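The values are calculated or read from the model by the stated rules, or taken from the named source; none is laboratory data. Note that the coordinates shown come from a computational prediction; the quantities given were computed from them, not determined experimentally. Note: ideal-geometry Cβ built from the backbone for every residue, glycine included; neighbour counts use all protein chains shown. Areas reflect the complete protein model, heavy atoms only, side chains present, ligands, DNA and RNA absent. Shrake-Rupley method; radii C 1.70, N 1.55, O 1.52, S 1.80 Å.
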Amino acid sequence: MNQLTVLVTDDDQDIRDGIEIYLKNEGYRVLKAADGLEAIELLEQNEVHCMILDIMMPKMDGITATFKIRAERNIPIIMLSAKAEQSDKIHGLSVGADDYITKPFHPLELMARVKSQLRRYVNFGTAGDTAPLVEGLELDAAAREIRVDGEPVKLTPTEYKITELLLKNAGRVYSISDIYELVWNEPAYNAENIVAVHIRKIREKIEADPKNPRYLKVVWGLGYKIEK
């Protein structure tokens with residue numbers, strides 16, 4: 001496979017340059033942008049496999065940029081912000097980000113999150129594994145795609161991974177901690193809202209009526225499952 005490319009978007013040049021050093025040490029190709037507009041231009045001109053995207057930037061902030069990116073692409077997006085409030089994390093995830101890290105952060109933690117997102121984006125699934133595991137829901141692992149009644153739905157990498165986990169184990173209930181640890185590959189800590197946001201977004205995409213879901217069910221007090 002060709003060298004993987006990570007796009008770093010932050011209005012602070014020192015942060016961009018510092019992240020670049022660590023990414024290059026891990027063997028990644030690095031592109032850099034100072035705002036959301038510049039990031040979208042680079043995306044149109046280059047194949048990018050993961051984005052690190054600051055929320056507060058001039059010209060176009062990270063939230064607006066994520067909205068625009070998600071209309072066309074499902075690459076992993078890791079959001080950066082100096083804000084530590086849970087509401088800001090949920091806002092970032094609700095517009096399509098896959099992960100969130102608060103400034104100041106340890107560079108090695110960021111590298112671990114980049115690697116985790118890239119593993120899911122590039123390697124999850126087995127080529128040729130296509131199956132309607134639940135009536136109306138089809139998993140195409142080679143294309144990293146979920147289809148509802150034959151029509152593909154546009155999921156982010158994290159949304160896909162959650163759906164893949166529940167679909168391959170249809171009928172089994174997974175707790176919030178189980179989902180977080182299996183999908184994010186790290187211990188669950190304050191994971192309730194993070195998982196709930198992703199579940200809500202998945203329902204909006206795979207359910208005809210998200211308020212009365214046919215597939216993705218909550219089992220009160222226990223967790224979530226996809227109904228057989």
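Within segment 174-228, being more than 24 Å from residue 147 (Cα to Cα), of a type in the set (Asp, Glu) and surrounded by 15 or more Cβ atoms within 10 Å (Cβ to Cβ) holds for 178, 181.
Filtering segment 118-152 to residues that are at pLDDT 70 or above, assigned to a strand (DSSP E or B) and open to solvent by less than 30 Å² (accessible area, probe 1.4 Å) leaves 134, 137, 139, 140, 146, 148.
The selection criterion, being open to solvent by 70 Å² or more (accessible area, probe 1.4 Å) and in contact (Cβ under 8 Å) with a residue 40 or more places away in the chain, holds for residue 47. Screening 21, 52, 69 for residues that are part of a helix (DSSP H, G or I) and touching a strand residue (DSSP E or B) at 6+ places or on another chain (Cβ under 8 Å) leaves exactly one candidate, 69. Scanning segment 184-198 for residues that are under 19 Å from residue 115 (Cα atoms) and touching a residue at least 60 places away in the same chain (Cβ under 8 Å) returns 184, 185, 186. State all residues of segment 173-228 that are modelled with pLDDT under 90, assigned to a helix (DSSP H, G or I) and of a type outside the set (Asp, Glu); if no residue qualifies, say none. If the condition is that a residue be modelled with pLDDT under 90, assigned to a helix (DSSP H, G or I) and of a type outside the set (Asp, Glu), then 182, 183, 184, 193, 194 are the ones that fit.
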